[in-house]
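The values are calculated or read from the model by the stated rules, or taken from the named source; none is laboratory data. Since the model is a prediction, treat every value here as computed from it, not as a measurement. Don't worry about glycine lacking a Cβ; one is built from the backbone with ideal geometry, like all the others, and counts go over all protein chains shown.
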Amino acid sequence: MEHHCDLGTQKRSISARIIVDRDLRETDFSPNIRDAFCSQTRTRETFRRSFSPEDVGALDSQSHPANDELTFPESWTRRHLLDIESLSAAEINILLDTAVRLKAMTEGCRRKISILSGKTLANLFFENSTRTRNSFSLAAKRMGADTVEFSSSGSSVSKGETFVDTAKTIQAMGVDWVVTRHSTPGTPHLLSRELECCVLNAGDGAHEHPTQGLLDMLTIREHRGRLDGLTVALVGDIAHSRTARSNMWGLRKLGAHVIVCGPATLVSPRWSELGFEVAHSLDEILPRCDVLNLLRIQFERQKARPFPSVHEYANRYGMNGKRMRRCKSDILIMAPGPINRGVEITPEVADGPHSVILEQVTNGIAVRMAALWLLVGANGENR
Amino acid sequence: MSEPQALLIEHGRIIDPSQGVDRVARLLLFRGKVLAIDPLDGDLPDYYLHIDARNCIVAPGLIDLGTELREPGHEEDETIESGGAAAVAGGYTSVLCSANTDPPIDTPAGVELVRRIAAACSGPKVHVIACASSRRDGEQMAELGLLAQAGAIGFSDSPRPIHNSALLKRALDYCRMFDLPIFDRPVDPDLVEHGVAHDGQVALVLGLKGLPTEAEDLAVARDVRLAEATGGRLHVGPISTMGSVDLLRRVKQRGIQVTASVCPHNLWHSDEMLRSFDSRFKLHPPLRSVKHIDAIVAAVADGTIDAIQSGHMPRAREKKMNDIDQAPFGASTLETTLAVVATRLVHTGLMDWSQAIMCLSTTPAKIAGLCEGTLAIGSPADVVVIDPNDAWTIDSDTFYSQCRSTPHEGDHVTGRVVYTIVGGQVRFTRRPALEHIV
C-alpha cells in the first residue's frame with residue numbers, strides 16, 4: 001500500500017485509482033500534478049520578490065546544515081491539527097513560517113531531510129482521496145518518517161468495526177501521527193480525545209480541511225508577502241466545502257477580507273452574521289478581488305441539485321477569459337482541486353498566467369511537513 | 001403480590017395541583033389508595049410504615065408521556081425492567097411506553113406482552129402507546145379498536161411523525177369512538193433528511209446537516225388544523241421551536257383542543273454543545289439556539305405548553321460511540337428530568353413547585369386519560385417524595401438505565417427524588433429501610 005505514495009514509480013496504481021474514484025470526491029489525478037511535485041523550479045529571485053524579509057533569511061540558510069536551522073517555536077503547544085477556527089493568528093503564522101523554512105530546506109519540497117526519521121505516520125482515510133493522502137505521505141517521507149496506509153474499503157471498518165476502534169488499533173501498532181479523513185464532521189476531534197498520538201484532520205465532512213486552508217494562505221502569502229488587507233473571494237459550493245470553512249477562518253484571522261460567493265442555495269445568509277461578506281453575483285465582486293479561490297461543486301454531497309443546471313452555474317460562476325479581463329491585473333486564481341474544467345474554471349484560466357493551482361499542490365507538502373514537525377514536537381521531542 | 005401495607009408520610013409539604021393543595025400535612029396511603037390527607041390519630045391503622053418527609057415535597061407520582069423501553073427487540077438499549085428501574089429512580093410512577101420496538105407494538109399481543117413483562121417487574125405502571133399505523137409504515141391504520149381493547153391508551157408512530165395527513169385525519173376521526181389520544185411527533189420528514197443538528201449558525205460553521213425549525217412548525221400547523229377539523233384528541237410533542245409555541249398560543253386562544261409537551265433538554269442546553277461533536281448531544285428534538293430555548297421556557301411557564309415529558313430514548317453505548325452522523329438520536333433522561341425542571345424552572349423562579357408538578361404529573365395524567373396524577377382521596381397511591389434542595393451532580397455511572405448517554409453529564413442540579421411509591425409500595429428510595437410503627 002505504501003507505494004501509492006511514491007508518485008514517481010507507481011503509475012499503474014494511479015491509473016487504477018482514476019477508475020475506482022470516478023464520481024467520488026477526488027476524481028481527477030492529472031499528470032500535471034505529478035509533474036508539479038517534481039518541478040519546483042522557481043528561481044531564488046522569484047522567492048525574494050514574494051517573501052517577506054524574514055522569510056528570505058530562511059532561503060539563505062539553504063547552504064547551511066539543515067537541522068541546525070530549525071528551532072522549535074516555544075509558544076507552540078498543540079498536539080493535534082483539527083481545524084483552523086480554533087487556531088490563533090500567531091499559531092497560523094508559526095505554521096506558515098515553519099512551512100516556508102521546511103520548503104526551503106527541502107529545496108522546494110523535493111529533497112529529503114531526515115529530521116523525523118524513526119517516526120511513523122498513519123493515513124487513516126474513510127473517504128476517497130488521492131492528492132491529500134499522497135501529499136501527507138510525501139511530507140512525512142521528505143522528513144525521513146515512515147508511513148502506513150489504511151483505507152476504509154477492505155479493512156475491518158467494512159466488517160463493522162467503529163472508526164475509533166480502528167484508529168486505536170492502528171495507534172497500538174506504534175504510530176506518531178494519525179491523519180484522518182471522514183465524511184462526518186468532528187471525527188478528528190473525537191479521535192483526538194481517544195488517541196495518545198497526534199491527530200491531523202485531512203477533511204471531516206463539510207467542516208474543515210485545515211492543511212488545505214494553510215496551503216492556500218501560504219500560496220497567497222508567497223505571492224503577495226502578506227494577507228492583511230487583501231480581498232479574497234471563495235466562489236462556489238460554500239455549503240458543502242470544508243476548504244471554504246478553513247480558508248474563511250484562517251484568512252480572516254490574518255486580516256484578509258473574505259467574500260463567500262455562489263448561488264443562494266449554497267451560500268447561507270448566516271455567514272454575514274458571522275462577519276463574512278456574502279455575494280451571489282461573481283461579476284459584481286470581480287473588480288474588488290485580489291484572490292479568487294474557485295471551489296468545486298460537490299455533486300456527491302448534494303441530494304437534490306441546488307441550481308437548475310451545470311450550464312446555468314458555469315454561466316454565472318464559471319471563471320473564463322472574459323471575466324478575467326474585468327479582474328485586477330495581478331489577481332491570483334486558485335482552486336483546491338480537483339478542478340472541473342468547463343464548470344468553475346475554463347482551461348484558459350486554469351492554465352493561464354494568473355493560475356497558481358499547481359503551486360498550491362507543492363505548498364501542500366510544505367504546510368503538511370510543518371504541521372507534522374510542530375505537532376510531534378509539541379511534547380518536547382524536537383526542542 | 002402481597003397487599004401493600006399502610007404508609008404514613010409525615011412532615012412533608014404536600015403539593016397536589018389537582019386539588020390546589022400546598023401545605024405541610026400528613027398523607028396516609030392504605031391498600032394501594034390515598035386514604036386521607038391529615039388523618040386523625042385515631043384513624044391510623046394498627047400497623048403502618050412511616051416516612052419522615054421533613055423538608056421534602058410530597059406530590060402525586062410523575063407521569064411520563066413518552067418513554068422508549070425498547071423491549072421487545074432492542075434489549076441492548078433498554079429493557080422494561082431496566083427502564084422501569086430508571087423511571088422510579090426519577091420519580092415516575094407511570095410511564096407511557098412508545099411502540100418503538102421490534103416488532104413494533106401494532107397488535108393486541110404486543111400490548112399484552114409489554115403489560116405482562118411490566119407487571120412482573122417492580123417498576124412503575126407501564127401504559128402502552130401502540131402504533132397508529134400497521135408496522136409503523138405510516139400508511140395503513142393499525143387495528144386501533146383491538147389495540148384499545150387490549151389496553152393501549154393512545155396511538156403514535158413515535159419517534160416517527162405521522163407524515164401522511166390522510167392517515168392522521170382518519171386516525172383522529174376513528175379514535176373519537178374510543179376517546180383515546182393520538183400522539184404525534186411533529187416534523188416534516190422531507191425537510192430534515194439526514195439532519196443532525198439544529199439548522200443554525202453552529203451547524204453552519206461545523207458543517208453539520210441541519211434540522212430546520214420550519215420542519216416542526218409546518219407539522220404542528222397541520223396537526224392542529226386536523227385536530228380542529230376532526231374534533232379528535234391530539235397531543236403534539238415533544239416540540240422545540242419558537243414557531244410551534246407561537247402557533248399553539250394562538251390556537252389555544254381559539255379554543256382548539258390540542259395539547260403539547262417538551263423535553264427537559266430543550267429547556268437548558270443550546271446547540272453550542274454540538275461544538276464538541278459529541279453524540280450525546282444528538283437528541284430528539286435537537287438542541288436549539290438560545291432564542292428557541294427562551295421561547296420554550298416562557299411557554300412552559302405560561303402554560304402554553306401543557307406538559308414536560310422525559311423524552312427517554314435509550315441507545316446502547318456502542319451505538320452512541322459512533323461518529324455524529326452515524327450515532328442514533330437519543331439519551332437516557334428518566335433519572336434527570338425532575339432535577340432539570342427543578343433547576344431550570346423552579347429554582348430560577350420561573351414557576352413554582354405546584355406548576356412543576358402540574359406539568360410532570362397532573363396534566364400528563366389528563367392527557368393520557370389516567371386517574372393518577374392526583375392525591376385525591378381514593379385515587380391510586382402513586383406518590384413521589386422530593387428533596388427540593390438536594391444539590392447533586394449528574395453522573396451517568398449511577399444510572400439505573402442501561403443507557404449511559406446524557407446531555408447533562410456533569411451538570412450541577414438541585415432537587416432529587418427521595419421516595420417513589422407505586423400503588424402504595426415503595427419502589428425506590430435513597431434512604432435506609434423504613435421504620436415500622438405498630
Would you check if there is a residue in the stretch B:279-291 being on the phi > 0 side of the Ramachandran plot, assigned by TED's automatic domain parsing to the domain that holds B:V192 and in contact (Cβ under 8 Å) with a residue 40 or more places away in the chain?
no
Tell me, yes or no, whether the stretch B:134-155 has at least one residue that is out of contact with any helix residue (DSSP H, G or I) (no Cβ under 7 Å at 6 or more places or on another chain) and in contact (Cβ under 8 Å) with a residue 60 or more places away in the chain.
no
Any pair with Cβ under 8 angstrom, 6 or more apart, that starts in the stretch B:204-227 at a residue that is on the phi > 0 side of the Ramachandran plot and ends at one that is part of a helix (DSSP H, G or I):
B:G207/A:R242; B:G207/A:R245
Going through B:A368, B:A327 one at a time, which residue ends up being under 26 Å from B:V258 (Cβ atoms) and buried (at least 17 other Cβ atoms within 10 Å of the Cβ)?
B:A368
Residues that are over 23 Å from A:H240 (Cβ atoms), more than 14 Å from chain B (Cβ to nearest Cβ) and not aromatic (F, W, Y): list the helices (runs of 4 or more DSSP H) wholly contained in the stretch A:267-365 that include at least 1 such residues.
A:282-285, A:321-324, A:347-350
Pick from the stretch B:201-250, criterion assigned to a loop (DSSP other than H, G, I, E, B) and farther than 30 Å from A:G205 by Cα, ranking: farthest from the other protein chains (Cβ to nearest Cβ):
B:G231
Could you grab the pairs with beta carbons closer than 7 Å, sequence gap of 6+ or different chains, first residue in the stretch A:156-174 and within 14 Å of chain B (Cβ to nearest Cβ), second one modelled with pLDDT of 85 or more and assigned to a helix (DSSP H, G or I)?
A:V157/A:T166; A:F163/A:T187; A:V164/A:L190; A:V164/A:L191; A:V164/A:E194; A:A167/A:L191; A:A167/A:E194; A:K168/A:E194
Residues of the stretch B:337-371 being of a type in the set (D, E, K, R) and either in a helix (DSSP H, G or I) or assigned by TED's automatic domain parsing to the domain that holds B:A53 (or both), in sequence order, are B:R344, B:K366
Considering residues that are within 19 Å of A:D216 (Cβ to Cβ), in contact with a Leu (Cβ under 8 Å, 6 or more places away or on another chain) and surrounded by fewer than 21 Cβ atoms within 10 Å (Cβ to Cβ), the number found within the stretch A:287-319 is 1
Residue list for the stretch B:168-200, restricted to those being assigned to a loop (DSSP other than H, G, I, E, B) and in contact with a strand residue (DSSP E or B) (Cβ under 9 Å, 6 or more places away or on another chain):
B:L180, B:P181, B:R185, B:P186, B:V187, B:V192, B:G195, B:V196, B:D199, B:G200
Counted residues, the stretch B:106-132 - those being free of Cβ contacts under 8 Å to residues at least 40 places away in the same chain and either among the charged types (D, E, K, R) or surrounded by 24 or more Cβ atoms within 10 Å (Cβ to Cβ) (or both):
6
Exclusive hit being under 20 Å from B:I153 (Cβ atoms) and charged (D, E, K, R), set B:D77, B:D46, B:D64:
B:D64
Residues of the stretch B:24-62 satisfying the condition of being without any contact (Cβ under 8 Å) to a residue 40 or more places away in the chain and aliphatic (A, V, I, L, M)
B:V24, B:A25, B:L28, B:L40, B:L44
Looking at the stretch B:251-276 only, could you name the residues that are within 14 Å of another protein chain (Cβ to nearest Cβ) and either farther than 17 Å from B:D199 by Cα or surrounded by fewer than 24 Cβ atoms within 10 Å (Cβ to Cβ) (or both)?
B:E272, B:M273, B:R275, B:S276
